[in-house]
Structures are given as structure tokens and as C-alpha cells.
1. Name the single residue that is farthest from M226 (Cα to Cα) among those in region 179-204 being within 14 Å of the ligand (Cβ to nearest atom) and assigned to a loop (DSSP other than H, G, I, E, B).
2. Against the conditions (1) buried (at least 20 other Cβ atoms within 10 Å of the Cβ); (2) over 24 Å from G154 (Cβ atoms), where does A70 fall short? Just the number, please.
3. Is it true that V232 is at pLDDT 95 or above and within 20 Å of L135 (Cα to Cα)?
4. What are the residues in region 235-272 that are more than 16 Å from the ligand (Cβ to nearest atom), modelled with pLDDT of 95 or more, touching a Leu at 6+ places or on another chain (Cβ under 9 Å) and not charged (D, E, K, R), if any?
5. Pairs under 7 Å by beta carbon, first residue surrounded by 14 or more Cβ atoms within 10 Å (Cβ to Cβ) in region 233-248, partner assigned to a loop (DSSP other than H, G, I, E, B) and at pLDDT below 95, six or more apart or different chains?
6. Given the criterion modelled with pLDDT of 95 or more, under 21 Å from Y58 (Cβ atoms) and not in a helix (DSSP H, G or I), identify the matching residue among M211, M226.
7. Where the second residue is at pLDDT 95 or above and among the acidic types (D, E) and the first is closer than 14 Å to A41 by Cβ and lies in region 207-220, which pairs have Cβ atoms under 7 Å and are six or more apart or on separate chains?
Amino acid sequence: MKNNAPITPRPDLSELELERYKRQLMHRGFTPEHQTRLKAASVLVAGIGGLGGAAATYLAVAGIGSLRLAHYGTLTVSNMNRQTLMTDERIGEARVLQAKDRIKELNPHVEVENINERTSDGNVCDLLNGVDIALSARPNFEERRTLNKGCVKGHIPMIEAAMNGMEGYLFNIIPNVTPCLHCLYPEDDPEWEEMGFPVLGAVSGMLGCIMAIEAIKLITGFGKPMLSQMLVFNTFDMEYRKFRVRRNSSCPVCGNCHEKIHGVSEIKGAYA
Ligand SMILES: [Zn+2]
């Protein structure tokens, strides 16, 4: 089939939606069925900073069905070197509210829920309730570990990505299939400080875009998501590498996870 062949409308995609997503539907193998999977999917974005903001933006414009944005705090002037969902005139206002407003401007078809809270043991079940995939984009170990535990317990795929200066990493956590965060990082870095690392907005934005790409692949079954692999890069000299990673069978978080996987993995068979 030629890439510019007419697309047959499906009952669950309007003519307007087919027109809106026309350019991504030109990918060989990306069909209206893939688009409807995106439309049906719900994603938790835990952290609306440079990473999560970029990921949320590109999931929204790609036609994700709904986004749940979780982030505690207000916008500060020092956030503005990496924020593209928020504006200078709204410094001092809640970040998640601004992100929701901007995403609705970008794509009014997307349902957006905003939760002005950190990820904690007390709310992680509620944050994950009903979502197909979670994006880990908070700048501290505690919230990432809490999200990891919640995703493993709930059999929800999670995309883990982090940056520091010009460097970054990303890997997908599919409970019972791939290593979890604790398998690979059983201990926190004692030197780490939440606001004590350098950030170039272009680096966090790039990594956020890769998160969105992996999420789209996991949700739709289009492409090859990274499984049991970690992407590590240093944009200082533009070195990119992929490493094989393995589960720790005695991991206290996922070591006894033998139950059936639910969510997008089961539906799409993307990593069967
Ligand atoms: Zn584990």
C-alpha cells in the first residue's frame, strides 16, 4: 500500500481525527487500529518537569486518549529553562494546572486530569488506577521507587528515564518480563540532591520525547520497544549506547512477581 493511500474511516475515529493524525498514519504499518489503541489508552505522567512535560506534549499531539498529570508544586523562574507547557506570566501558579491548560489547547480531544501531589505510598494506587502505562519523570529516588513498586504490584508497564547534566538513561519496566527499577538500582546515590544537578532543557526535552516514543510503541504494538535493554547517552559528545539488563531473581520488589500481566502488554501483544 502506498503511504498516501486514502485511509478508510473506522467507527471510532472521526474524519477530523483521521485528518489530524494523517501524517503519523503514513508510517508503514501504523494503521487506524494503532491510532484507536492510542485513543483508548490512559497514561500517568508522574512529574511535569523538563522530561514529563515533553513526554506529555508528544503523547497529546499523537492522540493519546487521556493523561493523568501528577506533580506537586508551583512554577518558578528557575524552571523556565526547560518548560514548554508553561508561560512566564504564570510563574507562581500550580504546574499541573498550566500543563493541563496548554495540552487542551494543543489537542482538545485529549482528556487531562491534573493532580497537584507527589507520588507517595498513600496515593500511588489512586494515581495508577485505570492507567495503561506510567511515565517516571520525578527528580528524586523516593518517588521513582514508590512508582516502581506500585507498577510492579499493579502489573502496569512503566517507562523509567532520568538525566543529569548532558547524560541520561531510559529503560522500560514490564512487570514479570523485564528488570524493575530496584533490580538495577537497589540503592540510592547518597550524593544525589533533588535540585542539585544541572539541566539543559534540550536534553530533558529529548529524553522526554524518547519516553513518548516508547510509550506509543508499547501502547500500540507498532515498532519495537526496548525490552530488557537500557539506553544510556551523553550528549556532551553525542555517544549513545544500549546495554542488555537482567532481572534480579531475588529482587524484593519484583522477584516474586509471577502473576499474569494485565494492561497494554496483554492487549497489544507488543512484547509477547
Ligand atoms: Zn526488580
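1. E187
2. Just one mismatch for A70, condition (2).
3. yes
4. T235, Y240, F243
5. Sorted first by the residue in region 233-248, then by its partner, the pairs are N248/G255.
6. So the residue among M211, M226 that is modelled with pLDDT of 95 or more, under 21 Å from Y58 (Cβ atoms) and not in a helix (DSSP H, G or I) is M226.
7. Close Cβ pairs (under 7 Å, with a partner that is at pLDDT 95 or above and among the acidic types (D, E)) amount to I219/D132.
Here's the yes/no breakdown for (1) acidic (D, E); (2) surrounded by 17 or more Cβ atoms within 10 Å (Cβ to Cβ); (3) at pLDDT 95 or above:
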{"residue": "A5", "(1), (2), (3)": "no, no, no"}
{"residue": "L13", "(1), (2), (3)": "no, yes, no"}
{"residue": "E17", "(1), (2), (3)": "yes, yes, yes"}
{"residue": "G53", "(1), (2), (3)": "no, yes, yes"}
{"residue": "L59", "(1), (2), (3)": "no, yes, yes"}
{"residue": "M86", "(1), (2), (3)": "no, yes, yes"}
{"residue": "Q98", "(1), (2), (3)": "no, yes, yes"}
{"residue": "L106", "(1), (2), (3)": "no, no, yes"}
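The values are calculated or read from the model by the stated rules, or taken from the named source; none is laboratory data. Just so we're clear, the structure is a prediction, and the values are computed from it rather than from any experiment. Here Cβ is always computed from backbone atoms with ideal geometry, including for glycine, and neighbour counts include all displayed protein chains.
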